[in-house]
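The block underneath contains the structure these notes are about, expressed in structure tokens.
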Amino acid sequence: MINLSNKSPNFPDSSRKIGVFPALKKRRQHQSNIWFFDSPKNNKRLIITSDLAFMHLVILEGDVSVTRYHVNPEPINTNVEGVQKDISIGAYVYRGNALEWWDFKRLQNKKDVNKQNASDSYFKTIAAASSLATYHVKTDVDLKGQEILFDNWLTLCAAITRCRGHFLGREATIFSERLALQHAVTLENLLTIPSIDVAYMLAVVALALQNGSLRCNLNSQLINRQTLLSRRES
């Protein structure tokens, strides 16, 4: 069900060395909160410079259609309708073979969207299409009703990160054997199996939810020991 036969490197690697001080300098320039986030989906540590972007991207960790995402890519110099300029995008999202450009903007409690923002969105939509991508603006309104999903993926990502670099093969085997016998089990049922490491088993469950081989209700119920987990039929 899930291949965890090899452990990830147990030592710090370059993907987790990030520039903390440049990010803090930007914070002094009145930017939003800065999040230093270990992303299991990308297998690297990210700097995310707004609460809005952070929430949207954490939710992406559980989207099985998304293979990876890249935050704050370098500005692109492009020509649209005879106008040459550099454009900045909040994130690249890779959904299978499709590429999406994402920006993050707050709309709630704003009476209107000014002409400059509308022009910027139009320019980026055309530029994205010329790069065989689609442009999307993700807002605070889009997050309505996803608060529990966000909270759950914060918990699940933390479970994966805590066990990074550890061998999970034993718990993964026990997990697969239990799900082969039972279509559905509670999380309590898995965490109370004798002799397992609870943290490792929780990480195995989180990874299985992330890769889509396991499912449960993450949209309207906070994950807990009574959460019902079921294998996804192929």
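The values are calculated or read from the model by the stated rules, or taken from the named source; none is laboratory data. Computed from a predicted model, the values in this text were never measured in an experiment. We work out accessible area using only protein heavy atoms, side chains counted, and drop any ligands, DNA or RNA first. Shrake-Rupley method; radii C 1.70, N 1.55, O 1.52, S 1.80 Å.
From the alpha carbon centroid of the stretch 196-213 to that of the stretch 37-59 is 20 Å. Legend: residues 186, 192, sorted from most to least accessible area (1.4 Å probe; ligands, DNA and RNA excluded), read 192, 186. The residues 201, 55, sorted by heavy-atom accessible surface at 1.4 Å with ligands and nucleic acids left out, run 55, 201 from largest to smallest.
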